[in-house]
Amino acid sequence: MNRLFRLAADERIANRAEPNMMTHGTVRRLEEEAGVEEQPLVFPIRERNAVEYVDYMDRPMPLLSDRVKRLIELYMPELRWRPVILTDMKRERQEVYWMTSLPRLSCLSPDSEFHKDGGLKRLVLEGKRNYRPLFQVDGIRERVWIVNLALAESLLRRDVYGVHFIEIELDQKLGHEFDAE
């Protein structure tokens, strides 16, 4: 039986570093170029009294720390990465993060529920299917990154900081037996 988890930023960390000056259009364009363009991006971070550098950020776009990237590469060596340098001008500090374009899988169960405006209300994925270690759910408006149990456990063993795992509901209907994407 599969166990899948939504990768989410830990909202309890109020002072996490956050890239500044990014519009929705810029984020969308950068996400599309993530696996193609290899030039580093440099962004200042929002000024705060204290700044914490977490291992995963989901806003304004998903960014992974260097140590999380290295682990994911063991599971998915085919992923292409683009470095993102977050710069704290006040403290004269720079941290390297990574962005990637994940494979998108059409794996929504008909049991998923949506709000009237099209937003996701309840996420249910096809249960009778083998999944990649990390992927993005296709067919929904929101950006949802999913990790399998093996990758989630590997991340937890390395004491990742600022990452929260939310178990995903799986239906038990017959679906694809193996996802070869």
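Along the axis of the charge dipole computed for the chain (Cβ charges of +1 for Lys and Arg, -1 for Asp and Glu, origin at the Cα centre), the listed residues Leu71, Leu156, Gln39 are led at the positive end by Leu156. For the Cα atoms of the chain, what angle does the longest principal axis make with the long axis of helix 66-75, in degrees from 0 to 90, nearest 10? That helix lies at roughly 30 degrees to the long axis.
Relative contact order for the chain: 29 percent, from Cα pairs under 8 Å spaced at least 6 residues apart, divided by residue count. Largest GNM mean-square fluctuation across Glu78, Glu142, Glu95, computed for the chain with C-alpha springs under 10 Å, falls on Glu78.
For the chain, modelled as a Gaussian network with Cα springs under 10 Å, which listed residue fluctuates most, Lys69, Lys116, Lys128? Largest GNM mean-square fluctuation: Lys116.
A straight Cα-to-Cα reach below 23 Å connects Lys121 with the lysines Lys173, residues fewer than 8 places away in its own chain not being considered. Rounded to the nearest whole angstrom, the semi-axes of the ellipsoid equivalent to segment 31-109, taken from the Cα gyration tensor as √(5λ), stand at 25, 14, 12, largest first. Relative to the longest principal axis of the Cα atoms of the chain, the long axis of helix 24-33 lies at roughly 70 degrees. Gain on full extension, evaluated as 0.36 nm per residue between Lys128 and Asn49 minus their Cα-Cα distance, stands at 23.6 nm.
Of the listed values (1) 64, 33, 14; (2) 56, 16, 12; (3) 29, 17, 16, grab the one calculated as semi-axes √(5λ) of the Cα gyration tensor in Å from the structure here. It is the value labelled (3).
Label-to-label distance, Ile13 versus Asp66, with points set 7 angstrom from Cα along the beta-carbon direction: 1.6 nm.
For Glu47, the shell of other residues with beta-carbons less than 9 Å away shows a net charge of +2, using +1 for Lys and Arg and -1 for Asp and Glu.
With all protein chains in place and a 1.4 Å probe, the accessible surface of the chain carries 48 percent carbon and sulfur. Note on Phe114 and Arg91: with the Förster distance fixed at 41 Å, the Cβ-Cβ geometry gives a FRET efficiency of about 0.45. DSSP beta bridges fully contained in the chain are about 75 percent antiparallel. Across segment 125-140, coupling constants 3J(HN,Hα) worked out from phi with the 6.51/-1.76/1.60 Karplus curve, θ = phi - 60°, read 10, 5, x, 8, 7, 9, 10, 5, x, 8, 7, 10, 6, 9, x, 10 Hz, and Gly and Pro carry x.
Taking all protein chains into account, the per residue accessible area for the chain stands at 55 Å² (1.4 Å probe).
The values are calculated or read from the model by the stated rules, or taken from the named source; none is laboratory data. Small disclaimer: the values here were computed from a predicted structure and weren't measured. Note that each Cβ is placed from the backbone with ideal geometry, even for glycine, and that neighbours are counted across all protein chains shown. When the accessible area is computed, the model is the full protein with side chains, heavy atoms only, and any ligands, DNA or RNA have been set aside. Shrake-Rupley method; radii C 1.70, N 1.55, O 1.52, S 1.80 Å.
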